[in-house]
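Structure record follows, encoded as structure tokens.
Every number in this text was worked out from the coordinates using simple rules, so none of it is lab data. Since the model is a prediction, treat every value here as computed from it, not as a measurement. Cβ coordinates were reconstructed from backbone atoms using ideal geometry, including for glycine residues, and neighbour counts include every protein chain displayed.
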Amino acid sequence: MAEVTGSSPVPPTSTARYDFQLDRALTPDDLARIEAEMATSVAADHQFILAEYTFDEARSALVRFQQPFKIEIMDDLASAAATAGLPPPNVTTYQHGEFQDLCRGPHVESTGKIGPFKLLSVAGAYWRGNSDRPMLQRIYGTAWETQEQLDQYLWRRDEARKRDHRKLGVALDLFSFNEVSPGSAFWHPKGQRIWRTLEGAMRELQDRRGYQEISTPIVVSKRLWEQSGHWDLYRDNMFIIESEGEEFSLKPMNCPESTVIYRTRTRSYRDLPLRLSEYGRLHRNELSGTLSGLTRVRHFIQDDGHIYVRPDQIELEVAALLEEVREVYAWFDLPVEFVFSTKPAKALGDPALWEKAELMIEKALRDSGAKWRLNPGDGAFYAPKIDIIVRDALGREWQTATVQVDLVMLPERFDLTYTDEAGERVRPIAIHRAIYGSLERFIGILVEHYGGAFPFWLAPEQVVIIPIADRHHEFVEAGAAILRAAGIRVTIDDSSNRMQNKIRMAQEQKVPLMLVVGDKEIEAGGAAPRWRDGTQEPATSWETLATALSARAAARTA
């Protein structure tokens with residue numbers, strides 16, 4: 001007998017799943033047949049009938065129908081009630097047609113009220129996510145209010161598969177993964193060019209904003225992590241190393257180490273704000289089952305920043321950070337929303353300072369003109385925070401970066417001080433900030449956002465030059481040298497492939513600009529740009545082209 005276990009019937013505009021234990025594997029043909037039965041049920045407009053049973057009645061029925069998984073759920077409910085000193089709870093079911101199942105509800109009135117739907121896929125799923133428990137078959141489905149919404153959802157889903165950064169990363173020769181270092185990307189030359197371009201753009205912004213770049217060790221004594229609190233709270237996620245009887249770890253974050261630099265000298269109120277930036281190489285011991293391409297890794301680099309400020313500087317500094325974030329994400333045509341999370345129920349630090357900091361942050365958000373929303377009570381125990389949410393080309397939301405106004409953790413735990421105008425030693429406030437966040441994860445998002453077709457300024461190969469015949473090579477080499485001198489990333493395809501194959505390969509590699517060079521181009525003394533979108537421009541000299549392309553790259557337009 002098949003047993004089913006899963007969620008309630010699908011409400012409009014949602015996805016759901018249901019798990020089955022069967023004596024054979026389901027196939028796509030099975031999904032088609034199940035969909036047909038579902039359509040029949042919708043057409044019959046069966047009422048969803050709610051019924052309530054005592055715990056014993058419901059459990060007895062499940063025993064009679066040989067439903068061990070649901071019996072286990074029931075027994076867990078009874079155990080939880082007993083722990084709380086309560087009797088076993090009553091149980092509700094819903095029935096439509098001949099089908100009846102445990103369910104809390106609520107439901108639509110009848111099956112006829114269910115909108116357009118689609119079964120999406122079937123996959124294996126261990127009972128309760130435990131690999132020591134039975135393997136079930138999980139069917140995923142979705143239902144929407146209108147056919148148009150369903151079609152749009154299916155298009156986005158199909159497009160997301162095509163844009164999967166794990167596939168495109170290999171196809172475009174950007175990066176790879178290998179079992180010798182699980183959860184760590186091996187960056188190929190093209191991927192590293194993207195990396196360095198992002199890094200260079202951020203460094204330029206940070207230079208304008210007065211950051212000072214630092215670099216701190218990867219291997220750090222447990223003494224630092226004990227002082228920060230990470231040893232007690234985060235140790236299971238750290239890679240531990242022992243040397244000469246002392247324990248160390250690969251650093252999972254940069255925050256505590258920035259305080260080491262802060263404390264190397266006495267700081268004055270005139271020294272603040274002190275803006276320290278770092279491309280910190282971090283390691284976190286994520287479970288192997290959670291690893292997912294670039295978006296969940298064990299080794300990554302973060303564009304970290306720690307800004308030490310006086311309390312009266314919070315508003316201006318946060319306002320500047322909001323502007324930094326908006327400038328950066330405009331480079332990628334990624335709309336930004338800020339989520340402001342305020343003091344949680346359990347928080348450390350002076351309540352008056354919390355209130356003052358939150359008022360300053362809120363004013364900075366209001367004055368910025370940016371889109372933002374309040375998330376009351378969800379701040380860190382030591383800091384109100386602003387999370388940065390972006391929406392990609394498929395409408396998916398990603399949290400990429402964060403700004404935390406740390407009132408107590410770093411300042412108190414590491415006894416940070418500065419000398420104020422009166423000569424008194426007082427605590428600074430530490431602002432933690434990342435804009436890209438993890439560069440690995442951010443590049444994964446960008447690969448999918450662009451579908452691998454990076455804008456000109458970011459593309460690992462910006463121009464491919466295709467000589468038609470051997471006699472054109474000298475002219476092409478001279479032109480490529482002029483473009484490279486202007487900072488343009490140029491490849492010459494001088495392979496033995498036919499010209500049409502060269503053009504096709506450049507298109508498959510999503511190179512923004514192709515220059516096909518033959519006798520006419522040599523006579524004109526330049527080349528005619530052919531852009532990835534099919535736009536063809538008239539021939540121009542190498543020098544003019546170099547100037548135009550250099551300006552285009554510098555503008556960082558998406």
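Using Cβ counts within 10 Å as a stand-in for footprinting exposure, how do 510, 363 rank, fewest first?
Going from sparsest to densest Cβ surroundings: 363, 510.
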_Once R0 is set to 22 Å, what does the formula 1/(1 + (r/R0)^6) return for the Cβ-Cβ distance between residue 330 and residue 156, expressed as a FRET efficiency to the nearest 0.05?_
0.40
*Rounded if a/c is under 1.5, else prolate if a/b beats b/c, else oblate: with a ≥ b ≥ c from the C-alpha gyration tensor eigenvalues square-rooted, which is region 209-275?*
prolate
_Dipole in debye (nearest 20) - region 463-555, about Cα centre, beta carbon charges: Lys, Arg +1; Asp, Glu -1_ = 380 debye
*asked:* Taking 29 Å as the cut-off for C-alpha to C-alpha distance, list the pairs among 113/167; 70/118; 343/371 that go past it.
replied: 113/167
*asked:* Given Cβ point charges of +1 (Lys, Arg) and -1 (Asp, Glu) and nothing else, what value in debye, to the nearest 20, does the dipole of region 23-117 about its Cα centre take?
replied: 120 debye
*asked:* Ranking request for peptides 85-94, 427-436: highest mean number of other beta-carbon atoms within 10 Å first, then the rest in descending order.
replied: 427-436, 85-94
_Top positive-direction residue, dipole computed over the chain with Cβ charges, set 496, 436, 380_ = 496
_Karplus (6.51, -1.76, 1.60) ³J(HN,Hα), θ = phi - 60°, over region 83-96, in Hz, Gly and Pro reported as x_ = 4, 7, x, 10, x, x, x, 5, 10, 10, 10, 10, 10, 9
*Assign one of three labels to region 148-199, namely rounded, prolate or oblate, based on the Cα gyration tensor with a ≥ b ≥ c the square roots of its eigenvalues; rounded applies when a/c is under 1.5, prolate when it is not and a/b is larger than b/c, and oblate otherwise.*
prolate
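Thinking of region 104-231 as a set of Cα atoms, what percent of all their pairs are more than 19 Å apart?
The calculated P(r) of region 104-231 puts 78 percent of pairs beyond 19 Å.
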_Phi-based couplings in Hz for region 225-240 (Karplus 6.51, -1.76, 1.60; Gly and Pro marked x)_ = 6, 5, 5, 7, x, 5, 4, 7, 9, 10, 4, 4, 9, 10, 8, 9
*For residue 295, what charge total do you get from the other residues with a beta carbon under 10 Å from its beta carbon, if Lys and Arg give +1 and Asp and Glu give -1?*
+1
_the chain - charge dipole about Cα centre, Lys and Arg +1 at Cβ, Asp and Glu -1, debye rounded to 20_ = 700 debye
*So who's got an amide H within less than 5 Å of the one on residue 247, skipping anything under 5 residues away but keeping other chains? H placed 1.01 Å off N, in plane.*
222
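Within a 10 angstrom radius of the beta carbon, how do 513, 291 rank from fewest other beta carbons to most?
Fewest-to-most ranking of 513, 291: 291, 513.
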*Cα centroid distance between region 164-232 and region 9-80, in Å?*
45 Å
*Residue by residue through region 474-490, which ³J(HN,Hα) values in whole Hz follow from phi under the Karplus form 6.51 cos²θ - 1.76 cosθ + 1.60 (θ = phi - 60°), with glycine and proline marked x?*
4, 5, 5, 4, 5, x, 4, 5, 5, 5, 5, 5, 8, x, 8, 7, 10
*At 0.36 nm per residue, minus the direct Cα-Cα distance, what do residue 149 and residue 23 gain on full extension? Give it in nm, one decimal, please.*
41.8 nm
*By its C-alpha gyration tensor, with a ≥ b ≥ c as the square roots of the eigenvalues, how is region 341-448 shaped: rounded for a/c under 1.5, else prolate for a/b larger than b/c, else oblate?*
prolate
*Could you name the lysines whose alpha carbon sits less than 26 Å from that of residue 346, not counting residues in the same chain fewer than 8 places away?*
356, 363, 385
*Considering amide H positions built from the backbone, and no H for Pro or chain starts, which residues 5 or more places from residue 372, or on another chain, come under 5 Å of its amide H?*
338
*Starting from the amide H of residue 136, placed 1.01 Å from N in the peptide plane, find each other amide H under 5 Å away whose residue is 5 or more places distant or on another chain.*
125, 126, 127
*Added length on full extension, which subtracts the Cα-Cα distance from 0.36 nm per residue, residue 547 to residue 495*: 15.9 nm
